[in-house]
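To keep things clear, I will list the structure first and then write my remarks on it.
The values are calculated or read from the model by the stated rules, or taken from the named source; none is laboratory data. It should be emphasised that the depicted structure is a prediction, and the values quoted were computed from it without experimental measurement. Note that we place each Cβ from the backbone using ideal geometry, even for glycine, and neighbour counts take in every protein chain shown.
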Amino acid sequence: MNPQKGEIFCFNKPYTWTSFDLVSKVRGILRHRTRNRKLKIGHAGTLDPLATGVLLICSGKATKRIDELQAGVKEYVATLKLGATTPSFDKESQEDATYPTDHITKEMVEEVLQQFVGTIEQVPPSFSAVRVNGKRAYQMARRGQQVELKPKTLIIDEIELMRCNLPSEIMIRVVCSKGTYIRALARDIGYALHSGAYLTDLCRTRVGSYRLSDCLDITKFDDWLNNQNIEIEDETT
């Protein structure tokens, strides 16, 4: 293993950690292990703090592959609460409205889900890292400012209904392109069901060929490195 020449590490991002939290932790460990205070570390595809799952972290020259890795197909497993909404479309913010759910059937859910398969237009959440006039949308949203975001074209390859606990909850598996906001998809599914919905749990289970079963645990990363043959190079190389 040579982190300076370039390695790709697949981590299961912990719940409540930001993607930067994980990058920072990995950077500290690898810089210490390689004795290289300038070792480059970067991640391919941000995950929300309340999401878990596959986050790819690149070191050294492998950081040049970040755009390529980010372009890989993503797979998520998401749990949605039906009949309510939140401003952030997940549990980061409190419920701001409730809606009826008695009219929702499993057949209706399955029909609605298929409406989102293919090329679709999606408006990103206000609570997102999209830039608006040079500022992050989530910074404006958290200050109570109105955020106008333009729809983005993206592709959803598959949506599978994995669990249907009506009237309050569904679990879905989504295979989609880069740039898909599952929180926004939850919002749109709720609207299409003539109700409301928001995410209560989200796990990214695949990025390209990297799967959840391949992931390292950041709490055991040091121990894992103890069993690796790490090549040490001069900082200037």
Please work out which one of (1) at positive phi; (2) at pLDDT below 90 is the condition G118 fails and give its number. (2)
What's the number of the only condition in (1) closer than 18 Å to H194 by Cα; (2) within 22 Å of the chain's Cα centre (by Cα) that D102 fails to meet? (2)
Taking the conditions exactly as written (at pLDDT 95 or above, part of a helix (DSSP H, G or I) and closer than 23 Å to P3 by Cβ), does V26 satisfy them or not? yes
Flagged in the range 182-237 as in a loop (DSSP other than H, G, I, E, B) and without any contact (Cβ under 8 Å) to a residue 40 or more places away in the chain, in numbering order, are N227, D234, T236
So for the range 103-111 (the condition being surrounded by fewer than 17 Cβ atoms within 10 Å (Cβ to Cβ) and farther than 25 Å from D157 by Cα), does at least one residue qualify? yes
When the range 78-88 is examined, which residues are found to be within 20 Å of the chain's Cα centre (by Cα) and not in a loop (DSSP other than H, G, I, E, B)? A78, T79, L80, K81, T85
Search result, residues across the range 203-235 that are in contact with a strand residue (DSSP E or B) (Cβ under 7 Å, 6 or more places away or on another chain) and among the aliphatic types (A, V, I, L, M): V207, L212, L216, I218
Selection from the range 89-120 of residues that are in a loop (DSSP other than H, G, I, E, B) and more than 20 Å from T180 (Cβ to Cβ): S93, Q94, E95, D96, Y99, P100, T101, D102, H103, I104, T105
Filtering the range 47-77 down to residues that are part of a loop (DSSP other than H, G, I, E, B) and either touching a residue at least 60 places away in the same chain (Cβ under 8 Å) or among the β-branched types (V, I, T) (or both) yields L47, D48, L50, A71, G72, V73
Within the range 53-67, track down each residue that is buried (at least 21 other Cβ atoms within 10 Å of the Cβ) and under 19 Å from the mean Cα position of the chain (by Cα). G53, V54, L55, L56, I57, C58
List the number of the failed condition for T153; all other conditions in (1) of a type in the set (S, T, Y); (2) modelled with pLDDT of 90 or more; (3) crowded, with 17+ Cβ neighbours inside 10 Å hold. (3)
The range 169-208 - residue that is at pLDDT below 95 and of a type in the set (S, T, N, Q) and, of those, nearest to V109 (Cα to Cα): T180
Might you check whether a residue that is at pLDDT 90 or above and under 24 Å from V77 (Cβ atoms) occurs anywhere in the range 124-133? no
Among residues of the range 1-51 being among the small types (G, A, S) and under 18 Å from the mean Cα position of the chain (by Cα), the residue surrounded by the fewest Cβ atoms within 10 Å (Cβ to Cβ) is S24
